[in-house]
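Inspection log for the structure reproduced underneath, given as structure tokens.
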2 protein chains.
Amino acid sequence: MSEYRDAAGKRLVDYPRPSVAVDTAVLTVPVEDELSVLQVRDAVDGDWRLPGTFVHEGERLADAVLRSLQAKAGVTGLAPQQLQVFDDPARDSRGWVMSVGHLDVVPFSSLSRGLDESQVRLMPVAAATGMVHGHDDIVAVAAARLRAAYEVAPDPWGLVAEPFTMTELRRVHEAVAGRALLPDSFRRAMMPMLLAAEGKRAEGPGKPAGVWRRLTETHPR
Amino acid sequence: MSEYRDAAGKRLVDYPRPSVAVDTAVLTVPVEDELSVLQVRDAVDGDWRLPGTFVHEGERLADAVLRSLQAKAGVTGLAPQQLQVFDDPARDSRGWVMSVGHLDVVPFSSLSRGLDESQVRLMPVAAATGMVHGHDDIVAVAAARLRAAYEVAPDPWGLVAEPFTMTELRRVHEAVAGRALLPDSFRRAMMPMLLAAEGKRAEGPGKPAGVWRRLTETHPR
DNA sequence: CAAATAGTGTCTGTAAGACACTATCCC
DNA sequence: GGGATAGTGTCTTACAGACACTATTTG
């Protein structure tokens, strides 16, 4: 493996290399609430930040993300998506550190159990500012990526469980978009990408809503 | 700088770290031709590949890209845009290497001079396949990113020099899009983002064309 | 004049926004 | 029935595609 030598007779490890970290914006939509991001308390300075870790040798970035989420926030079963590299050599006082920002999405139902609230919290993305190391930017990029995905497909990250009513689907899309959506236009835009499911469902009074499943694939989990 | 110690009393450099490289898809539009990518000959195995280099200590990724383009292809004055990280630990036989893919765009006029054709060549993006280390993917992502940018703004990377005629602008957009565009629809879509310039220009017979400048900012160079 | 290129007028189909209307439940 | 929620009909506006037409040059 390390038999390689370059023209100067040196191995790769004979040159300076950066430490590589991953930091992840875990997004979710709490019930009847706005798009929020998971923050953890920094072990050193106690500030709120995004969960992250250094990448281990031979490890994929996505696996490092999953490991950090499990360790720092007790969250499992996700499918991280890479966003961008933060490469300012001066951004970390500990030395030469690059960080690869990631996006991950998790249904609120699988997140709400077992969080240590003194160490982990959910923050609306609009209010999650002031984090160090450019973590604010990761959240902004992650939210933009998520919004773009939700504009063209029904709940592509699987935030609502199938089967769902059109209103449930629209509430999640409204939370991601950060604004109200017209019920009739939304229904017409989504119907071609949905399959009618068996049964109906009523919350309180009113006509029971039909329930639906996705025709399009959901993001890998 | 390296005074930092973690809970185990270790410095960052006491842990394994990857080598980090940059590889760049330099795109251009040769006169009356299709969107093409710059390839260089690999110093070791002689295969055609994207220009790239290892990142030096304290260096920004964008600066490493510019350094590699200057050294490998004799190209200067660009503004690289980061695409994504290739992190498969087994992708490079020399050891643990991550590569950050980049996009850069350069007008053909500033590229056509002084290329050593045995070491550097332009290849239409559709034909630039079979490269190692996932370089084919970088080209695909770079072309997609460029196409998206050209769908909403007039020549945002400045491939044509101002002032230009509507036909010149359309030819470049057609090359980027990889298909013919309707002259009238194109004109109507672009006009609100253009400013009429002084003078006219005629190529051979026919009504002389009006010339234009961009109202929108061009990508930083 | 004809040929060639630049540019405009205008019709059509599609789709989003908006809003009124109908449908079906609980009480 | 009355209130509440689900779902549809349809008008308006905007815009891309399409194509015919006009405009201005060279030879």
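Sorting check: for A:166-176, A:210-220, which peptide has the highest mean count of neighbouring beta carbons within 10 Å, and how do the rest follow?
Going by the mean number of other Cβ atoms within 10 Å, highest first, we get A:166-176, A:210-220.
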Inter-copy distances for B:Tyr4, label 7 Å out on the Cα-Cβ vector, sorted ascending, nm, one decimal, are 2.6
Within chain A, the percent of DSSP beta bridges that are antiparallel, given to the nearest 5, stands at 75
Measuring from the longest principal axis of the C-alpha atoms of chain B, the long axis of helix B:135-152 (C-alpha) lies at a number of degrees, nearest 10, equal to 40
If labels are modelled 7 Å from Cα along the Cβ direction, A:Gly204 lies from its partners in the other copies at nm distances, smallest first, of 7.2
For region A:57-67, in residue order, the Karplus 3J(HN,Hα) values (coefficients 6.51, -1.76, 1.60; θ = phi - 60°; whole Hz; Gly and Pro = x) are 5, x, 9, 6, 4, 4, 5, 5, 4, 4, 4
Once the in-chain neighbours fewer than 8 apart are removed, the lysines whose Cα is under 24 Å from B:Lys72 read A:Lys10
To the nearest 10 degrees, the tilt of helix A:166-177 (Cα long axis) against the first principal axis of the alpha carbons of chain A is 40
Check: C-alpha center region A:195-215 vs C-alpha center region A:52-107, spacing in Å is 39
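Which of the GluC sites (Glu not before Pro) found in region A:50-128 are loop residues per DSSP with 12 or fewer other Cβ atoms within 10 Å of their Cβ?
A:Glu57, A:Glu117
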at B:Met191 the sorted inter-copy label distances (label 7 Å from Cα on Cβ side), in nanometres, are 3.7
Share of Cα-Cα pairs in region A:34-139 beyond 24 Å, whole percent, is 19
proj_area_mean for the protein assembly as shown (convex hull on C-alpha atoms), units nm², value 27.2
Taking chain B, the whole-percent share of alpha-carbon pairs separated by over 27 angstrom is 41
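Values quoted throughout were computed directly from the atomic coordinates according to the rules given, and no laboratory measurement underlies them. Everything numeric in this text was worked out from a predicted model, so none of it was measured. Quick reminder, even Gly has a Cβ in these numbers, built from the backbone with ideal geometry, and neighbours come from all protein chains shown.
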